[in-house]
Structures are given as C-alpha cells and as structure tokens.
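K.L.:
Got a structure for you, written out below as structure tokens; questions coming shortly.
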C-alpha cells in the first residue's frame, strides 16, 4: 500500500495545483461558454432592435399613407387601377377622347423609363383651344382620367383680356407622365 507521507510543502503545492486545474476547467467550461452566449444574445438583441426600428418606420409610413388615402377619399377622389406595361392602345384612346375637346393638338412621346418598379411614359402635348377655362378643363381631364399620371408642367398662352378669359387663340403646353406596372 501507499505509505508515503506528503510534507506540508507538497500538500500546499498539490492544493495549489488542484485550484489551478479547477480554475482552468471553470474558465474553459463555464466562463468562455457564458461569454459566447452573451455575445450571441447581444447580436440577436441588436438585430431585433434593427428589425423593430424598420418595422416601426414601415408602420408609421403605412399609417401616413392610409391617412392620405382617407383624405383623398374625403375630397371625393376615386382610386385608379394602375395598368400593366404596354398600355399604349387604351392610353391613346383616352388621350384622343380628352384631346377631342381641343381645336388642335400634337402629341410627342418621351422614351419609356423602365428603370424603377414602375414604367413611366412621358407625353408632351401642345394644343389649342377656345379659352383658358377650356385649357384648364382639358388638363383636369388628363389629371383625373382613367390612368394614373402626374402633370409635370403646364403653360398657357392666352391672348384674351384678364376679365373675360375667352379667346379663340388660347394655346397650351402640358407634359404628363403616365404610370404602368412593370411585369
């Protein structure tokens, strides 16, 4: 059997060695694992905060758009359905119907812009009509027609007096951008 007696010095050294082994085991098994979990959880918290901020901004934007939609509905505006790309024939029929109110007109099409999520079809229209009010009604008919659009510019050359606003020599130029969905 084992009959060796450890000296006090050897007992102290064995105790220190045992403490070092326990400390190393604790560091390797507990401390490093806990730090890795904390780092992972901090990353998940940061990702979740980013997602919450993005979704909050999106929710605020949706609320603002919903309020604008309600405001437009309260003003009597009706929503228009955005047509699919290459809506040329129905658009030409609509332009012909609206421009039938003019004495004469010329259409000039810009190149189609397909760079975004929507197709933009720009049209410059020069037309002559009987009065300033007729020119405004033509532009309103374009703006509130069947197809979604923006009036980019509008200029009227009216040869009438300010009081009557009627003349046979009113001419106007308007640039309209029509929107279509990209397929």
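K.L.:
Is there any pair linking a residue in the range 85-101 that is on the phi < 0 side of the Ramachandran plot to one that is in a helix (DSSP H, G or I), with Cβ under 6 Å and at least six apart or on different chains, and which?
P.N.:
Between residues of the range 85-101 that are on the phi < 0 side of the Ramachandran plot and residues that are in a helix (DSSP H, G or I), the close pairs are 98/141; 98/142; 101/138.
K.L.:
Among 115, 40, 63, 108, which is the only one that is out of contact with any helix residue (DSSP H, G or I) (no Cβ under 7 Å at 6 or more places or on another chain), surrounded by 10 or more Cβ atoms within 10 Å (Cβ to Cβ) and not in a helix (DSSP H, G or I)?
P.N.:
On the way: 115 fails: surrounded by 10 or more Cβ atoms within 10 Å (Cβ to Cβ); 40 fails: not in a helix (DSSP H, G or I); 63 fails: not in a helix (DSSP H, G or I).
Testing whether each residue is out of contact with any helix residue (DSSP H, G or I) (no Cβ under 7 Å at 6 or more places or on another chain), surrounded by 10 or more Cβ atoms within 10 Å (Cβ to Cβ) and not in a helix (DSSP H, G or I) leaves just 108.
K.L.:
While we're here: Suppose the filter is at pLDDT below 95 and surrounded by 10 or more Cβ atoms within 10 Å (Cβ to Cβ); does residue 53 pass it?
P.N.:
No; evaluated as a whole, the condition is false for this residue.
K.L.:
Looking at residue 80, is it at pLDDT 90 or above and either exposed (fewer than 15 other Cβ atoms within 10 Å of the Cβ) or in contact with a strand residue (DSSP E or B) (Cβ under 9 Å, 6 or more places away or on another chain) (or both)?
P.N.:
It is false that residue 80 is at pLDDT 90 or above and either exposed (fewer than 15 other Cβ atoms within 10 Å of the Cβ) or in contact with a strand residue (DSSP E or B) (Cβ under 9 Å, 6 or more places away or on another chain) (or both).
K.L.:
Testing residue 129 on (1) outside the structural domain of residue 175 (by TED's automatic domain parsing); (2) more than 25 Å from the chain's Cα centre (by Cα), one condition comes back false. Which one is that?
P.N.:
(1)
K.L.:
Conditions first: (1) surrounded by 10 or more Cβ atoms within 10 Å (Cβ to Cβ); (2) without any contact (Cβ under 8 Å) to a residue 24 or more places away in the chain; (3) over 14 Å from residue 149 (Cβ atoms). Residue 130 passes all but one, so which condition is the exception?
P.N.:
Condition not satisfied by residue 130: (2).
K.L.:
Continuing with this model, one more query. In the range 132-156, which residues are part of a strand (DSSP E or B) and in contact with a helix residue (DSSP H, G or I) (Cβ under 9 Å, 6 or more places away or on another chain)?
P.N.:
The answer is 149, 150, 151, 154, 156.
For every residue, the table says whether it meets (1) loosely packed, with under 10 Cβ neighbours inside 10 Å; (2) assigned by TED's automatic domain parsing to the domain that holds residue 141; (3) more than 24 Å from the chain's Cα centre (by Cα).
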| site | (1), (2), (3) |
| --- | --- |
| 2 | yes, no, yes |
| 10 | no, no, yes |
| 13 | no, no, yes |
| 18 | no, no, yes |
| 34 | no, no, yes |
| 70 | no, no, no |
| 73 | no, no, no |
| 99 | no, yes, yes |
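The values are calculated or read from the model by the stated rules, or taken from the named source; none is laboratory data. The structure displayed is predicted, hence computed values, not measured ones. A quick note on method: Cβ atoms are made from the backbone with ideal geometry, for glycine too, and the neighbour counts reach across all protein chains shown.
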